[in-house]
Amino acid sequence: MLDIEQELTFSSGREAVSSTDTSLLKILVILAQHRRLLLGGMLIAAAIIALVVLVMPPTYTASTVILTSQNPPGAALALLGELGSLGALGGDCLLKTQADTFVGVLGSRTVADTLIQNFHLQSAYRSRTLGDTRKALARHTYVEAAKGSLIRISVDDHDVQRRNSESPG
């Protein structure tokens, strides 16, 4: 170790370059000497990764897109107009898009409970309580408002038949 430090401390530029070349050559020699260990480690890591990939069950995703109407909520706007300045206070929460409203409804507890009951998800997810099953369903379901008035729903599952029946459309 002291050899390498002494070689790197030469004062002239030409000697410093040759010192760098020498240290690079030493590193390459060390790597060449331990090539079997390096290759063996890489092969073992590749074998472990291949085994994990083969043992993991495949995940299937069902996706659908819903188009909501783009009509503004007329009755709510008329009511806010009658309230005057009080309408401005509550207007922010009422003037959301219909897509946001549908996303909220689709993520509600009532919809989750209906899905759990219709598709027997409590036994499929091996959950003890309804709350645990709701959490598992939430981990497998993605509901998002896309551009405009589109709603994208995706369901991930390991069972192809259940995945196809859970997806609307």
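The values are calculated or read from the model by the stated rules, or taken from the named source; none is laboratory data. On a predicted model such as this, the values are computed, not experimentally measured, just so you know. Neighbour counts are summed over all protein chains in view; Cβ atoms, including those assigned to glycine, are modelled from backbone coordinates with ideal geometry.
Looking only at region 142-169, filter to residues that are surrounded by 12 or more Cβ atoms within 10 Å (Cβ to Cβ) and part of a helix (DSSP H, G or I); which one of those is modelled with the highest pLDDT? Ranking the qualifying residues of region 142-169, first place goes to 162. Among residues of region 30-58 that are modelled with pLDDT of 95 or more, none has a Cβ under 7 angstrom from a residue that is surrounded by 10 or more Cβ atoms within 10 Å (Cβ to Cβ) at a sequence gap of 6+ or on a separate chain. On the basis of being among the small types (Gly, Ala, Ser), at pLDDT below 85 and assigned by TED's automatic domain parsing to the domain that holds residue 148, does residue 85 make the cut? In short, yes.
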